[in-house]
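See below for the structure under consideration.
Just so you know, all these numbers are worked out from the coordinates, no wet-lab data involved. Everything quoted here is computed from the prediction, not taken from an experiment. Using ideal geometry, Cβ is built from the backbone for each residue, glycine included, and neighbour counts are taken over all protein chains shown.
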Amino acid sequence: MISLFFNTLKLFTWDIFLSLGYWPIWWYTKGLLEFIVTLKELLQRSWYNLGLGILFSSWFKPMYGQQDWQGRIISFFFRTLMIFYKAIFFVIWLIVLFICLLLWIVLPVLSLIIILLIIMKSE
């Protein structure tokens, strides 16, 4: 019984140390690639949800099938306004996602530096 307890404890602690040692490697390789893929999917989904592709493809087409010049002018200006506002939101979202990527890269190193400074300051 004691042997089983110590073997389990040894396996558990060994697994923790291996996981802690592998974590930085995973964070900057596979984890970073998975995070970039997730950000790319979020960006594509927001492009689709905002309908920017449809707006750009139908920019110069008249709305509601009105073929006269007044309908074309109104459609052009209305779609231009919609593209402008939605593009602003898309660019803001792109900046937020880029900041998230930078945080993913910098945060572990920054937290390690802060921990080391706290340890050195306490001595």
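Annotations
- Global form of region 52-123, assessed from the alpha-carbon gyration tensor, a/c cut-off 1.5: prolate
- The lysines within cross-link reach of residue 40, meaning a Cα-to-Cα straight distance under 19 Å and a gap of 8 or more places when in the same chain, are 30, 86.
- Each label point was placed 7 Å from the Cα along the Cα-to-Cβ direction; for residue 32 and residue 61 their separation is 4.3 nm.
- Helix 2-28 and the longest principal axis of the C-alpha atoms of the chain enclose an angle of approximately 40°.
- Cα gyration tensor category, rounded, prolate or oblate, for region 9-74 with a/c compared to 1.5: prolate
- Degrees separating the helix 69-122 axis from the principal Cα axis of the chain, which is the longest one: 10 degrees
- Estimated purely from DSSP H runs of n ≥ 4, each contributing -39500 (n - 2.57), the mean residue ellipticity at 222 nm for the chain is -31500 deg cm²/dmol once divided by its residues.
- Mean-square fluctuations from a GNM of the chain, with a 10 angstrom spring cutoff on Cα atoms, peak among 21, 31, 53 at 21.
- FRET efficiency estimate (nearest 0.05) - Cβ-Cβ, residue 16 to residue 89, R0 41 angstrom: 0.40
- Folded to 0 to 90 degrees: helix 30-50 orientation relative to the chain principal axis, Cα: 20 degrees
- The label-point distance for residue 82 and residue 45, in a model that sets each label 7 Å from Cα toward Cβ, rounds to 2.3 nm.
- Among 99, 16, 73, residue whose mean-square fluctuation peaks in a GNM of the chain (springs only between Cα atoms under 10 Å): 16
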